[in-house]
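Just below is one structure, and these are the notes that go with it.
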Amino acid sequence: MRSIWLFSLAIGALIGARALAEDAPSEPDEARRAKIVATVGGETMTVGELEDKINARSPYARKRFTNPDLLEQFVEEQVKNALFYQGAEKLGYADNPAVRQYLDQTLVQLFLQKEFEEAVTPEDVPPAEVTKYYAEHPEEFRRAEMRRARHILVASKDEAEGVRKELVSAEGRTFRALAKSVSLDTETNLRGGDLLYFTEDGTLVGKPGSGKINETLARAAFSLDKTGDLSQALDLGDDKWSVLELTGIRPEKVQTLAEADALIRRKLWREEREAAIQKLITDVRAELKPEVFPERMNAIVLSPSDQPIEPPNQ
């Protein structure tokens, strides 16, 4: 815990240094803001402190405080909060481990937010860096052509040719109906043989980990000219034949630099932020020289509810 507090102090010092570097207000304004509005115990509440709390709110919320009664209620609420705070402090809540942990976490979060998220934003990334990244990573901004098709799987070439004849016949059943009734592909027949969208090598789109469709089917789909076109009987090997219909085409799309600008800026900003955070950790680690004793972790006792569950005896 001591190292955490030292780290917190280091962060606090950095934040304090940044605050001191800001332009100081003029002397008359300092005098105005220093006026005491209320006292609670040994603590004072100044115009400046209340002003900052009000101005941190939205314009709509701030407008309410032009009403003197509402402003007075606000000050009374701050007094009440101060009374609660001082009462809790006297009872020792400031030393409660949960309070210290919350303070540690809040301090670190505030520091990261102010120093690494608000100090430099994605909009601050130089245009030249954006252009350079776009030129060096063209594959990230290209969406390959995708096609969608459906097929009917049968056990012989004769069956496949018969299916195709029925599909082109004016009196034949629809593709969907034929797929449901005769297709041997149990994964697609219930949805009318639909293979969903896939790229030229057969990779399914939008379904990570779901694999690829048969390469012969993919090549056939990309050889057809327009939606509604039928393939010839396709030999898939292992006594499997198919007839395929092209049902959708999504052309290749390449994002322009202007379209990709915001995405690239955010990516580069995240990388810069992570690098800055890692540098800070390295610098503070070198200064404070933390030590960890892994061999002593075995002494940690978990509560019964945290113990790993043993498998039942077979």
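The values are calculated or read from the model by the stated rules, or taken from the named source; none is laboratory data. Everything numeric here is computed off the predicted structure, so don't read it as measured data. Positions of Cβ are backbone-derived with ideal geometry, glycine not excepted, and every protein chain shown enters the neighbour counts. Note: areas computed on protein heavy atoms with side chains; ligands, DNA, RNA excluded. Shrake-Rupley method; radii C 1.70, N 1.55, O 1.52, S 1.80 Å.
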Worksheet, complete the sentence: Taking only C-alpha positions in segment 122-170, Rg and Dmax in angstrom work out to 24.5, 66
Discussion item. In the chain, once you exclude exposed trypsin sites (Lys or Arg not before Pro) (DSSP loop, at most 11 other Cβ within 10 angstrom), what's the longest stretch remaining?
Written reply: 36-225
Worksheet entry | the chain, relative contact order [Cα under 8 Å, separation at least 6], % | 18 percent
Worksheet item: How would Thr216, Thr227 rank on accessible area, largest to smallest, probe 1.4 Å?
Response: Thr227, Thr216
Worksheet item: Over segment 14-154, what is the mean sequence separation of C-alpha contacts under 8 Å (at least six apart), divided by residue count, expressed as relative contact order in percent?
Response: 11 percent
Item to complete: Starting from the amide H of Ala149, placed 1.01 Å from N in the peptide plane, find each other amide H under 5 Å away whose residue is 5 or more places distant or on another chain.
Response: Leu195, Leu196, Thr247
Response to the item:
Taking only C-alpha positions in the chain, Rg and Dmax in angstrom work out to 34.1, 98
Item to complete: Ignoring everything but the protein chains, give the 1.4 Å probe accessible area of Asp238 in square angstrom, nearest 10.
Response: 140 Å²
Worksheet, complete the sentence: For segment 164-314 the translational diffusion coefficient, Stokes-Einstein from a Kirkwood Rh over Cα pairs at 25 °C and viscosity 0.890 mPa s, in µm²/s, is roughly 111 µm²/s
Discussion item. Just to confirm, what accessible area per residue do you get for the chain at 1.4 Å probe, in whole Å²?
Written reply: 70 Å²
Discussion item. Show me, bin by bin at 10 Å from 0, the whole-percent P(r) of segment 234-292 based on Cα pairs.
Written reply: 16, 17, 16, 14, 16, 12, 9, 0
Response to the item:
With a 1.4 angstrom probe the carbon and sulfur portion of accessible area for the chain, in percent, totals 54 percent
Discussion item. Apply the Karplus curve 6.51 cos²θ - 1.76 cosθ + 1.60, θ = phi - 60°, to the phi angles in segment 233-247 and return the couplings in whole Hz, x for Gly and Pro.
Written reply: 4, 10, 8, 9, x, 6, 6, 10, 10, 8, 10, 10, 10, 6, 10
Worksheet item: Roughly how many Å is it from the Cα centre of segment 22-98 to that of segment 282-304, as a whole number?
Response: 40 Å
Response to the item:
Percent of all Cα-Cα pairs per 5 Å bin for segment 70-226, counting from 0 up to the last occupied bin, reads 1, 7, 8, 10, 9, 7, 6, 5, 5, 5, 6, 7, 6, 6, 5, 3, 2, 1, 0
